[in-house]
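The block underneath contains the structure these notes are about, expressed in structure tokens.
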Amino acid sequence: MIVRTRFAPSPTGFLHIGGARTALFSWAYAKKYHGKFILRIEDTDVERSTPAAVQAIMDGMQWLGLDYDEGPFYQMQRMDTYKKVLQTMLDAGTAYYCYCSKEELEILRESQMQQGLKPRYDRRWRPEAGKSLPSIPHNISPVVRFKNPQTGVVTWDDLVKGRIEIANAEMDDLIIARADGTPTYNFCVVVDDWEMGITQVIRGDDHVNNTPRQINMLNALGATIPQYAHLSMILGDDGQKLSKRHGAVSVMQYHDDGYLPEAVLNYLARLGWSHGDAEIFNMQQFCEWFDLDHITPSAAQFNTEKLNWLNAHYIKEANIDELASDIAIRLAKTGVEVKLQPKLQDVLGLYRERANNLNQLARDIAYFYALPQANVVDVEKYITDDILPQLITLKKKLADFDWGRDDGGAVDVGMLISNMVRDSNNLTYPKIAMPLRVMLTGTTQSPNIDAVMRILGKTETLARMEKYLNQKKQ
Ligand code: GLU
């Protein structure tokens, strides 16, 4: 049997974290078994579905690299198929027309409520042997209802939740086509899962209630019943249901917020699934390991700190050229244009070890391409009258000194500072490094200042020192 899974989003909003995890698990399962992963857009809710949301979902999947083998199939383009199947069911007697008016249903509902009963359709139009149906009213366009079995139980072994049993007596004869002939949600899902030959339905557990109805309809169609895996929901850092309140709900928001797709994927993979104590793994590894047996049935809790930790790992591991183009775009968005010198790859080589966020990384290195503005407090604290003569001496030494080849200069620049410290009796390395840091980077925190100087280059280093030393001299 060839594994065929699907991701079936309703395009009523972005691809959110929960949806992305569902897509990832379905994708990985198909990959693991060399099957097919199908994208199906469930756009029959025409009021709430938008092309922008379809695009947002595709953008999210593309960013994460969740490629599909078939589709996207749009349910709105499959109406003819649904109508054909509907007719087959009417012909086979597994579905029937119901001519109840809204008013009749309302009266029924009210009387059931008054009697303290659960409101439900009383099956008055359901054909049964020996039962006479009401006469067909002329002014009513009928809906089509599914003839749900009235006895017995629907059972399935959910791959996440275990065995689930629902009594048929608890289920209504579901409307599968509206009065205007359009098929309803559960029916479209059934026809699609059947026609598309889906073998494992992996979806959010908000659909558990739909499953017995769908199984009954699949049975009525003589279809093979797929396996079902209902994923528990994702809670926010605070243990509450993940919602807009938690900030980043759209997957693309994570892109905007400075995360690498590798980090988000790795993070999502561990959200409710585990493989021993493995925390860091790429998607190839994940697809090999993944199965539906190790998904926790309880809700998974989001943990931003862990995502940041993974992001730091993938920033360190990233291909340096790809990292550079990403960071260049982020810098451009803040109005900083990357120049050829210093080479962005060199700058990133120096900085990426300490970063856990791409936006932060871009902010941290912006000073290489845009003159930094040190704050006055730091300037006064570190570029003191005390140290000024030594800074002037250092600048002169640096100017006279041959910085040599790009790659060899740093050691020498560093040594030059060390030698100055060694030869003086009141100077320490931090005492001279801090004002240098303020002058060159505009901040009080940076990697080794000699490494920064090497990347900035001789001309720029001297120019930045000059600016402060001139101000001081005046
Ligand atoms: N369209 C449904 C949703 O977005 C998913 C249906 C399914 O996976 O069966 O929640």
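The values are calculated or read from the model by the stated rules, or taken from the named source; none is laboratory data. Everything numeric here is computed off the predicted structure, so don't read it as measured data. When we count neighbours, we look across all protein chains shown, and the Cβ atoms used for this are built from the backbone with ideal geometry, even at glycine. Note: accessible area is taken over every heavy atom of the protein model, side chains too, but ligands, DNA and RNA are not part of it. Shrake-Rupley method; radii C 1.70, N 1.55, O 1.52, S 1.80 Å.
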Separation in nanometres of the label points that stand 7 Å from Cα toward Cβ, at I140 and D277 = 6.6 nm
Computed lengthening from H294 to K333, 0.36 nm per intervening residue step minus Cα-Cα distance | 9.9 nm
For the chain, the charge dipole (Cβ of Lys, Arg +1; Cβ of Asp, Glu -1; about the Cα centre) points to a positive end, and the Cα of W63, L340, I198 closest to that extreme belongs to L340
State the answer as a single residue: which of L242, V377, N319 lies farthest towards the positive end of the charge dipole of the chain, with beta carbon charges of +1 for Lys and Arg and -1 for Asp and Glu, about the Cα centre.
-> V377
Using a 1.4 Å probe, what is the accessible area per residue for the chain, in Å²?
-> 50 Å²
Rounded, prolate or oblate: pick one for the range 336-411, where a ≥ b ≥ c are the square roots of the eigenvalues of its C-alpha gyration tensor, a/c under 1.5 means rounded, and failing that, prolate if a/b is larger than b/c, else oblate.
-> oblate
For R124, R437, R109, give the ranking by accessible area with the largest first, probe 1.4 Å.
-> R109, R124, R437
Shape call for the range 77-186 from the C-alpha gyration tensor, a ≥ b ≥ c root eigenvalues: rounded (a/c under 1.5), prolate (a/b greater than b/c) or oblate?
-> oblate
Answer in debye to the nearest 20: the dipole magnitude of the chain about its Cα centre, from +1 Lys/Arg and -1 Asp/Glu charges placed on Cβ, is 520 debye
With the full set of protein chains in place, find how many percent of the accessible area of the chain is carbon and sulfur; take the probe as 1.4 Å.
-> 50 percent
Among the lysines, which have Cα under 29 Å from the Cα of K306 when same-chain residues fewer than 8 positions away are ignored?
-> K31, K32, K161, K241, K244, K316, K333
In degrees, nearest 10, range 0 to 90: what is the angle between the Cα axis of helix 409-423 and the longest Cα principal axis of the chain?
-> 50 degrees
Zone of A92's modelled label, taken as backbone nitrogen in the range 175-192 under 15 Å from a point 7 Å along Cα→Cβ = 187-188, 190-192
Relative contact order (%) - the chain, alpha-carbon pairs under 8 angstrom, separation at least six | 12 percent
What spacing in nm lies between the two simple spin-label points modelled at A52 and S325, each 7 Å away from Cα in the Cβ direction?
-> 2.8 nm
What shape does the chain take by its C-alpha gyration tensor, where a ≥ b ≥ c are the square roots of the eigenvalues and a/c under 1.5 counts as rounded, a/b above b/c as prolate, and the rest as oblate?
-> prolate
If one compares the long axis through the Cα atoms of helix 102-114 with the longest principal axis of the Cα atoms of the chain, the angle in degrees, nearest 10, works out at 90 degrees
Nearest 20 debye, what's the magnitude of the dipole of the range 213-330 about its Cα centre given +1 on Lys and Arg Cβ and -1 on Asp and Glu Cβ?
-> 620 debye
Distant-in-sequence amide H partners of N303 (H built 1.01 Å from N, under 5 Å) | none
Which of the GluC sites (Glu not before Pro) found in the range 176-285 are loop residues per DSSP with 15 or fewer other Cβ atoms within 10 Å of their Cβ?
-> E279
Give me the distance in nm between label points sitting 7 Å out from Cα along the Cα-to-Cβ direction at T459 and L235, one decimal.
-> 5.9 nm
How big is the accessible area of R454 in square angstrom, nearest 10, if you roll a 1.4 angstrom probe over the protein chains?
-> 100 Å²
Going toward the positive end of the dipole of the chain, with +1 on Lys and Arg Cβ and -1 on Asp and Glu Cβ, which of T444, Y82, L231 do you reach last?
-> T444
So between Q150 and E128, what do we pick up on full extension, going 0.36 nm a residue minus the alpha carbon distance?
-> 6.7 nm
Once you charge only the Cβ atoms, +1 for Lys and Arg and -1 for Asp and Glu, what is the size of the charge dipole of the range 117-240 about its Cα centre, to the nearest 20 debye?
-> 700 debye
